[in-house]
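Novice: This is the structure I want to talk about, given as C-alpha cells.
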Amino acid sequence: GEQGLNLETRHGPATIMMVGLHGTGKTTSAAKLASLLIEQKRRPMLVAADVYRPAAIAQLQTLGDRLGVPVYTREGVAPPQLCQDAVLAAVEQKRDVIIFDTAGRLAIDEPLMQELSQIKAAVKPQNILLVVDAMIGQDSVRMASEFDRRLDLSGLVLTKMDGDARGGAALSIKAVTGKDILFVGMGEDLGKMEPF
C-alpha cells in the first residue's frame, strides 16, 4: 500500500490506530495523516478515543474542522466501544479510512496497555502506528519495543524530526523493533508530514 500502510477497503473502511505516550504529538500526527490521505483522494474520519483528556478531543475537533474531516467523539462511552461505534458511523458517512487517536500516558502502564489491546480486539485495525518523539533517545527505544510486544506494531511515526535528531533514535528504534519508520512529522504545520 501507500508508504507501507494497508489501506485495503474490501471489508469496510481501512483502519489506522495511533498509539504513543503523552507529548509525542500523536493527535497532531493523526490529523497530519488525515491531511496526507485527503491528498490521495481518500475520505478519512478521525476518532477521538482519548476520552480522559478533553483537551485532546477539542484539539482533534479543531484540526478536523480545519481539514474538513469528521471527528467522531461520544461522551461516557468506553474507548473500545467508542471505536467500534465509530466504524459504523464511518460506513454510514461513506468514509474510507478511519484514524483512531488513542489515549497516552506519561509512561507505559498496565491499564493503558489493556485498553489499547481491547481497542485492537474491538476494531482489528489494519495498521497500528506508534508515534515516537525523535528527541527522546534510548528511552523511546525501550518504550517502542514494549508497545510492539503488546500490540504488534505495523510501523512508526517519528515526530519532532527537526535538525540533528534524525539519526540516533530513529535507527535504534527500527533496529530493535524491526518495524519500518513510515512517516516523519516536522513541526506543527498540518502539511508537514512526509513518507520516510
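Novice: Where the centroid of each part is defined by its Cα atoms, how far is the range 114-131 from the range 1-62 in Å?
Specialist: For the range 114-131 versus the range 1-62, the Cα centre distance is 13 Å.
Novice: With r defined as the distance between the Cβ atoms of residue 145 and residue 106 and R0 fixed at 22 Å, what FRET efficiency is calculated, to the nearest 0.05?
Specialist: That gives a FRET efficiency of 0.75.
Novice: Relative to the longest principal axis of the C-alpha atoms of the chain, give the angle of the C-alpha long axis of helix 138-151, reported between 0 and 90° and rounded to the nearest 10°.
Specialist: So the helix axis and the longest Cα principal axis differ by about 40 degrees.
Novice: Calculate the spin-label point distance for residue 180 paired with residue 52, positioning each point 7 Å from the Cα along the beta-carbon direction, and give it in nanometres.
Specialist: The modelled label-to-label distance comes out at 3.2 nm.
Novice: Just subtract the alpha-carbon distance of residue 152 and residue 41 from 0.36 nm times their residue separation and send over the number in nm, one decimal.
Specialist: Fully extending the segment from residue 152 to residue 41 adds 37.1 nm.
Novice: OK, next. As I understand it, the value is the acute angle between the Cα axis of helix 79-92 and the longest principal axis of the Cα atoms of the chain; what does it come to in degrees, rounded to 10?
Specialist: Compared with the principal axis, the helix lies near 60 degrees.
Novice: May I pose another question? Normalised by the number of residues in the chain, what is the relative contact order in percent for Cα pairs under 8 Å and 6+ residues apart?
Specialist: About 26 percent, as a whole number.
Novice: So, one more: What 222 nm value per residue comes from the helices of the chain, counting each DSSP H run with n ≥ 4 as -39,500 (n - 2.57) and dividing by all residues, nearest 500 deg cm²/dmol?
Specialist: Values: 6 runs with 80 residues, N = 196.
After summing the helix terms and dividing by the residues of the chain, the value is -13000 deg cm²/dmol.
Novice: Right, next: My understanding is that a pair violates if its Cα-Cα distance is over 18 Å; which of 32/160; 41/124; 26/124 do that in this structure?
Specialist: Too far apart for the 18 Å limit: 41/124; 26/124.
Novice: Sticking with the crude label model, points 7 Å out along Cα→Cβ, report the distance from residue 74 to residue 117 in nm, one decimal please.
Specialist: The modelled label-to-label distance comes out at 2.5 nm.
We did not get these values from a lab; they are worked out from the coordinates using the rules stated. Keep in mind that this is a model prediction, so the values were computed, not measured. Cβ coordinates were reconstructed from backbone atoms using ideal geometry, including for glycine residues, and neighbour counts include every protein chain displayed.
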